[in-house]
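The values are calculated or read from the model by the stated rules, or taken from the named source; none is laboratory data. Quick caveat: nothing in here was measured; it's all calculated off a predicted structure. All Cβ positions, even for glycine, are placed from backbone atoms using ideal geometry, and neighbour counts span all protein chains on display.
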């Protein structure tokens, strides 16, 4: 539950989500072999810009008392820093080209956290809940693939990415547009479980 604490900042969530959509929109064609692997070098720039944006958004959200969204944004920031710096170090041949042995555990741990944080989103708009579900379906299978090399896990993770991106577009677009007009223009769906206020 958010506690604004008199913060003068607006909701930073959409900005943090938009940069994640940019990043995953680049990762999707690379992960599903629609483009050469080398094209993924774009993730260096996207990861750098996105990670900085998400750190700022996470700090603002935490300042506003949003413990759930603030911590999720900070975790996404770390994920994007990982992608940015890993791609850079591999390009410079400082680290081995295959880091899946450690990446798998990082992705799986991130996925477990996202699964845990999906439950509170039952009290959020439906689109936010489904964004979390689709996020779970990326991180957990991706982590399992890196660890086990079983192809079905990568197939699930790779082709789940468009669902993550589409849910971000809907959620971030609706949050900003509805906030601007002060009424529902883009429906986000009522929560599955209304939050009981104390």
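Below is a table of values for the structure above.
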item	result
Failed criterion for residue 97 (all others in (1) in contact (Cβ under 8 Å) with a residue 12 or more places away in the chain; (2) touching a helix residue (DSSP H, G or I) at 6+ places or on another chain (Cβ under 6 Å); (3) farther than 19 Å from residue 138 by Cβ hold)	(1)
Failed item in (1) closer than 19 Å to residue 40 by Cα; (2) in a loop (DSSP other than H, G, I, E, B); (3) in contact (Cβ under 8 Å) with a residue 40 or more places away in the chain, with residue 189 passing the rest	(1)
Number of the condition not met by residue 127 [criteria: (1) surrounded by 15 or more Cβ atoms within 10 Å (Cβ to Cβ); (2) without any contact (Cβ under 8 Å) to a residue 40 or more places away in the chain]	(2)
Yes/no for residue 89 being in a helix (DSSP H, G or I), without any contact (Cβ under 8 Å) to a residue 12 or more places away in the chain and either surrounded by fewer than 17 Cβ atoms within 10 Å (Cβ to Cβ) or touching a helix residue (DSSP H, G or I) at 6+ places or on another chain (Cβ under 7 Å) (or both)	yes
Selection from region 100-122 of residues that are in contact (Cβ under 8 Å) with a residue 40 or more places away in the chain and surrounded by fewer than 12 Cβ atoms within 10 Å (Cβ to Cβ)	101
Lone qualifier among 70, 58, 50, 83 - being modelled with pLDDT under 95 and either in contact with a strand residue (DSSP E or B) (Cβ under 9 Å, 6 or more places away or on another chain) or surrounded by 19 or more Cβ atoms within 10 Å (Cβ to Cβ) (or both)	83
Given (1) over 21 Å from residue 21 (Cα atoms); (2) surrounded by fewer than 20 Cβ atoms within 10 Å (Cβ to Cβ), index of the condition residue 144 fails	(2)
